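Everything below concerns the one structure shown next.
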Amino acid sequence: MNASRAFLRHTARLRPRATRSLPAPSRQWLRNSSNSSPSATGKPRGSAGKFIGFGAVFGVAAAGAYYYPTLKELLASGSESPQSGPLKANLEFEQPRKEALTKEEYRELLSSQHLQIQRSWEHPGVYVWGSNVGQVVDPTSNQKYIKLPQRLEFFNDQILRDLKLSQSFGAALTEKGDLVQWGLGFSKTDPQPVTTLQGKDLAKIEISSDHIIALSRNGTVYSVPSSKDDLEGGLKQEQQNGSWSIWASSGKGASAQGS
């Protein structure tokens, strides 16, 4: 009994010493930790987290709305793209050629150029282009230059014996040997092609600045003015035995025939 009382007294003496032996910073830390409330420190942290989360959700939604069409196209193209791997080649065999029954058909099969020539004989014509100052290339147009080849409608489906062109007038011989003239050098009021000399069976022509020299198949040479005004008086034919000669009478055309 006395021993237990003595132990309790000794323990009571040691407790105040242990309490007083704690350092001042430790007691201050305990005081601060006990005075601080968990609600005061947790409130700012909760509001900042909510703001950051709301901003992240808004950014993801905006980015999805902006890139949605592009992603949709990529997914569609990816689904439509063919499967990877080598493509199979489609073999096309040459059809058997037509057998030629005649020499003409055989030429057509061998050469496409021969076929073009044959078609040109079926629909002959005159193609002209270049300077149109004298309305020789295109009598119906006032353009000074024709860049692309085009047909002279007057000579469609006609075969010519000869053709000569100058800047101011043109001259041609038809298949029958008739002389045709046109251009502003021929007529300033009507530059359309006109047949000026018929029934002479002309074979070849040459031109100068103001005249056309025509040779017929029977050896007659004709000198024809290039201007329509000089043709109104008609042609005069002269003959001199044993020689060729050409005369011009008052600017009118003349011809000569050798014996």
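Just for the stretch 177-195: of the residues that are at pLDDT below 95 and charged (D, E, K, R), which one is surrounded by the fewest Cβ atoms within 10 Å (Cβ to Cβ)?
By that ranking, first place goes to Asp190.
Please find, among Leu197, Leu202, Leu173, Leu165, the residue that is closer than 18 Å to Ile146 by Cα, in contact (Cβ under 8 Å) with a residue 24 or more places away in the chain and not acidic (Asp, Glu).
Answer to the selection: Leu165.
May I ask you to list the residues in the stretch 210-259 that are within 25 Å of Leu184 (Cα to Cα), at pLDDT 90 or above and in a loop (DSSP other than H, G, I, E, B)?
Within the stretch 210-259, Asp210, Ser226, Ser227 meet the criteria.
On the given criteria, is Ala203 at pLDDT 90 or above, part of a strand (DSSP E or B) and farther than 16 Å from Gly185 by Cα?
Spelling it out, Ala203 is indeed at pLDDT 90 or above, part of a strand (DSSP E or B) and farther than 16 Å from Gly185 by Cα.
Answer yes or no as to whether Ile159 is farther than 22 Å from Asp230 by Cβ and either aliphatic (A, V, I, L, M) or assigned to a loop (DSSP other than H, G, I, E, B) (or both).
Here the answer is yes, as Ile159 does meet what is asked.
To keep it simple, each residue is scored yes or no on (1) over 26 Å from Ser120 (Cβ atoms); (2) touching a Phe, Trp or Tyr at 6+ places or on another chain (Cβ under 8 Å); (3) not acidic (Asp, Glu).
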| residue | (1), (2), (3) |
| --- | --- |
| Gln158 | no, no, yes |
| Lys164 | no, no, yes |
| Gln167 | yes, no, yes |
| Leu197 | yes, yes, yes |
| Lys204 | no, no, yes |
| Asp210 | yes, no, no |
| Ile213 | yes, yes, yes |
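Return the residue satisfying two criteria in turn: it lies in the stretch 73-127 and is assigned to a helix (DSSP H, G or I) and of a type in the set (S, T, N, Q), and of such residues it is modelled with the lowest pLDDT.
Result: Ser79.
How many residues does the stretch 162-181 contain that are of a type in the set (D, E, K, R) and part of a loop (DSSP other than H, G, I, E, B)?
Going through the stretch 162-181 one residue at a time, the tally reaches 3.
Output the number of residues of the stretch 194-213 satisfying the condition of being farther than 19 Å from Phe169 by Cα and basic (Lys, Arg).
Matching residues across the stretch 194-213 total 1.
The values are calculated or read from the model by the stated rules, or taken from the named source; none is laboratory data. Keep in mind the model is a prediction, meaning the values are calculated, not measured. Please note: Cβ atoms are built from the backbone with ideal geometry, for glycine as well, and neighbour counts cover all protein chains shown.
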